[in-house]
There are 4 protein chains.
Amino acid sequence: MARTAQPQARWQRRKEARPAELARAALACFAERGFAAASLDEIAARAGVTKGTLYLYFPNKEALFKEVVRQALVPWIAAFEAKVRASDSPTHQLERLISVWPEFVAAPHLAVLPKLMIAEAGNFPELAQFYLREVIARARRLVTGILRRGMARGEFRRTDPKAAFFTVIAPLLIAVVWRHSFEQHDDTPIDVASLCKTHTAILLDGLVARKEER
Amino acid sequence: MARTAQPQARWQRRKEARPAELARAALACFAERGFAAASLDEIAARAGVTKGTLYLYFPNKEALFKEVVRQALVPWIAAFEAKVRASDSPTHQLERLISVWPEFVAAPHLAVLPKLMIAEAGNFPELAQFYLREVIARARRLVTGILRRGMARGEFRRTDPKAAFFTVIAPLLIAVVWRHSFEQHDDTPIDVASLCKTHTAILLDGLVARKEER
Amino acid sequence: MARTAQPQARWQRRKEARPAELARAALACFAERGFAAASLDEIAARAGVTKGTLYLYFPNKEALFKEVVRQALVPWIAAFEAKVRASDSPTHQLERLISVWPEFVAAPHLAVLPKLMIAEAGNFPELAQFYLREVIARARRLVTGILRRGMARGEFRRTDPKAAFFTVIAPLLIAVVWRHSFEQHDDTPIDVASLCKTHTAILLDGLVARKEER
Amino acid sequence: MARTAQPQARWQRRKEARPAELARAALACFAERGFAAASLDEIAARAGVTKGTLYLYFPNKEALFKEVVRQALVPWIAAFEAKVRASDSPTHQLERLISVWPEFVAAPHLAVLPKLMIAEAGNFPELAQFYLREVIARARRLVTGILRRGMARGEFRRTDPKAAFFTVIAPLLIAVVWRHSFEQHDDTPIDVASLCKTHTAILLDGLVARKEER
DNA sequence: GATGAATGAGATTTCATTCAT
DNA sequence: GATGAATGAAATCTCATTCAT
């Protein structure tokens, strides 16, 4: 009973899947613990391989971090911009931008990045610049564009668009960050949908009550 | 009676001054490198003592970190609370609350703490809970209190106070975080004062333009 | 095909052999210096590995110690039990039990363990309980079992078996302990074989002389 | 209201008591943990002084250990020998020697020494020699003397007195040692009185049953 | 391609000892 | 005489990285 030559199926089966698996595991670990506290042992274990294997794909821990984060950043931007185009009214565009946020928060691979970037930007300048250029700057252009158009059309009150950008975006950002830092230690989880609804309302009409509405 | 040359004492007794000095040095190191990357050697050196001395005052690195956070942040929360108590009108209270922020952002090293907490919450559950309890919860009580009173008095429109808390606070928080993660890589630094002004305006009156003002 | 000169491998893989080698080296160090004074550096050096390697096999120094005790002593207890099972007469069983002792005393490093356990029981409660459970209790069961059977058969006089256990075992124990504490400072070394012979004689027939022998 | 000059009563009151207090505390710590694991902090705390004070009385840890142990050894011997003189019959002398043992076991400062000496003899040769000379050798002379006289009078069977010494003394020794090493980890404490009674019985008459008694 | 045993530098932590007060 | 803050050397332990298999 001759044992037919197995074309080393054990490894081949996974060969193409590997890099993506490693990236997913690494991203999750880095996001949970930060760069320094994430151990290669843990990343490897989570990816179902051994530590040595990581070094087949990445020259060292820092390169692994940068590569994995850089790759994960790309989807963020496109997804982000696409959502806004569907409308023409600046008000509706803002509403829409905020209303898709809960989707982002729920997507595990995307939601993890802002916290990670906030935590590690100081230690990884190139990465920070990349994030700044490819994510933040584009988001800023998107939002300030909406605001400027709204002001030009008389739909929005005059404000400094660059400053207003923070008021528009920050609560959304904090929501994702919260998810991955404090929520597990808090007793009451935040309701992202409700948060977005309230944020939209305040953003557009303010906190102050008025007799007559627009 | 001229002061004779002191044969350089190997060390000096600084019983009361020490803990604060150590905490200050530690804060600076944690701010620069993050919790994990800050070494006790470096902290000790910056404080002008040896590693062993750190252990006279703190049982371990984590306790040192916790103490640093406590000493640095709690006074600020108190300051914010005091600022709010000084006024009676909810609208003015919000305005004042936001107006102290630039001072907070400018305090040396202090403003890194929110970023540090975001980064390390996952690694130090106890610290995260402490921060939640002593900082976030107090801030939340402060803001939701203002909002509720405003609504009760008919001064503010009805919203979910817990959700609105994020819209009030998040832009401020992002401003501090920005300082220590992306600002150095961006070409135009943010102007915190202007940001606070814009934020207050939008927060109170919204983005949408109206014929008649309050 | 001559074996070419090996460019001295930095290290070798010894997966299966390692734990036993490490335990052996550790036993020697613990025996010479005691638990606290034995340094991991020294143990590693003696085993021909680096400190880090120890942690591949044992989570910490205490676990290493525990493993050393377990590996070294448990086989001996089993040997004693086997020796006893080989006979049927309680008297012979006691004789045989004692007659193996010189071998135990002569086994290299092994005989320090009782002394080490006496010295460290206070510092390692868990280890003390392990030793009590796996070594002392088994020895006690073995001896009291023999005594009880002897009494039941009328071969031995009635005594409290748990108290008699001490009279049976203590001189043997003291002999090993002596070896590693006082013998080197005494002028005349003890002759374990003779000691065992005398002990057996007294144990069975007492010191007091009689007209008629059994 | 002039404050009368207090002749620094605070320290003077204790001046003479100090050394004894220190010695007591040190002995207890060393006995509990062994030389290496006993910390000067703990000893000082137990004595109600600070670490620095220890260095007023002893040049270093090793000297403290040796001095304290050496001083504690002296009472052992005298107390031990005095008990035996009261009788003339070797059998009674042995009985008496064993019967006073429970007193030793109960005396905290004495009972602690055998364990300590067993544990540290290897690391402190001079101390071991002192103990050997002043305690063990004298005890050996005492016991072998009794045995030899008993044999000469035909009261005891002929045995090697030096070997028999172990059978006589070991169970007693083990009882004290047990007290300070394993008893706290065992569920059933040993009953020293019962142990001594049983030991006497076996020692004199052996385990083996006989028709006619002496 | 994958493994995982081994490394070794560096981290935190401990503690006997010193010395200004 | 007593203190206790400070030291500094050495201990245990961790972990990114290497490399024989």
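Taking the label point 7 Å from Cα in the Cβ direction, how far apart in nm is D:Ala45 from each other copy of itself, listed shortest first?
Sorted ascending, the copy-to-copy spacings read 3.3, 3.3, 3.4 nm.
Every other copy gets compared here: list the nm distances from the D:Val100 label point (7 Å along Cα to Cβ) to its counterparts, shortest first, one decimal.
Values, ascending and in nm: 4.0, 7.8, 9.7.
Please enumerate, by chain and number, the aspartates and glutamates with C-alpha under 19 Å from the C-alpha of C:Lys61, excluding those fewer than 8 residues away in the same chain.
Of all the aspartates and glutamates, those that pass the test against C:Lys61 - Cα under 19 Å, at least 8 places apart if same chain - are C:Glu21, C:Glu32, C:Asp41, C:Glu42, C:Glu120, C:Glu126.
In whole percent, what relative contact order does chain A give with Cα contacts below 8 Å and a gap of six or more residues?
It comes to 21 percent, rounded to a whole number.
Let me have the 222 nm mean residue ellipticity of the protein assembly as shown computed from DSSP H runs of 4+ only, each contributing -39500 (n - 2.57), with the sum over all residues rounded to the nearest 500.
-21000 deg cm²/dmol
List, shortest first and in nm to one decimal, how far the label point of A:Ala193 (7 Å from Cα along Cα→Cβ) is from its counterparts in the other copies.
Counterpart label points of A:Ala193 in the remaining copies fall at 4.4, 7.8, 9.0 nm.
Which residue of chain B is nearest the rotation axis onto chain C, counting by its Cβ, and what is the distance in whole Å?
B:Asn60, 8
For the range D:66-213, what percent of Cα pairs sit more than 21 Å apart?
Counting pairs separated by more than 21 Å, the tail of P(r) holds 48 percent.
Please sort through the DSSP H helices of chain C and keep those with an alpha-carbon extent of at least 18 Å along the long axis and a Kyte-Doolittle average not below 0.0.
Going by DSSP H runs, the hits are C:18-33, C:61-85, C:90-106, C:161-181, C:192-205.
Given R₀ = 30 Å, FRET efficiency for D:Ala107-D:Ala209 by Cβ-Cβ distance, to 0.05?
So the FRET efficiency works out to roughly 0.25.
Pairs D:Lys51/D:Lys115; A:Lys66/B:Lys162; A:Lys162/B:Lys115: which are spaced more than 28 Å apart, C-alpha to C-alpha?
A:Lys66/B:Lys162
Size of the dipole of the range D:14-139 about the Cα centre, Lys and Arg at +1 and Asp and Glu at -1 on the beta carbon, nothing else charged, in debye to 20?
I would put it at about 240 debye.
Give the residue list of GluC sites (Glu not before Pro) in the range A:23-125 that are DSSP loop and have at most 10 other beta-carbon atoms within 10 angstrom.
Within the range A:23-125, no GluC sites (Glu not before Pro) qualify (loop, at most 10 other Cβ atoms within 10 Å).
Kindly put B:Ile190, C:Ile118 in sequence by how many other C-beta atoms sit within 10 Å of each C-beta, fewest to most.
Ranked by crowding around the Cβ, least crowded first: B:Ile190, C:Ile118.
Alpha carbons only, please: Rg and Dmax for the protein assembly as shown, in angstrom.
39.6, 130
Which ordering of B:Trp76, D:Trp178 is given by a fewest-first count of other beta-carbon atoms within 10 Å?
B:Trp76, D:Trp178
Fewest first, what order do D:Asp186, B:Asp88 take by the number of other Cβ atoms within 10 Å?
So the ranking, lowest neighbour count to highest, is B:Asp88, D:Asp186.
FYI, it's all coordinate maths here, none of it is from the lab. All of these numbers come straight from a predicted model, not from anything done at the bench. Note that we place each Cβ from the backbone using ideal geometry, even for glycine, and neighbour counts take in every protein chain shown.
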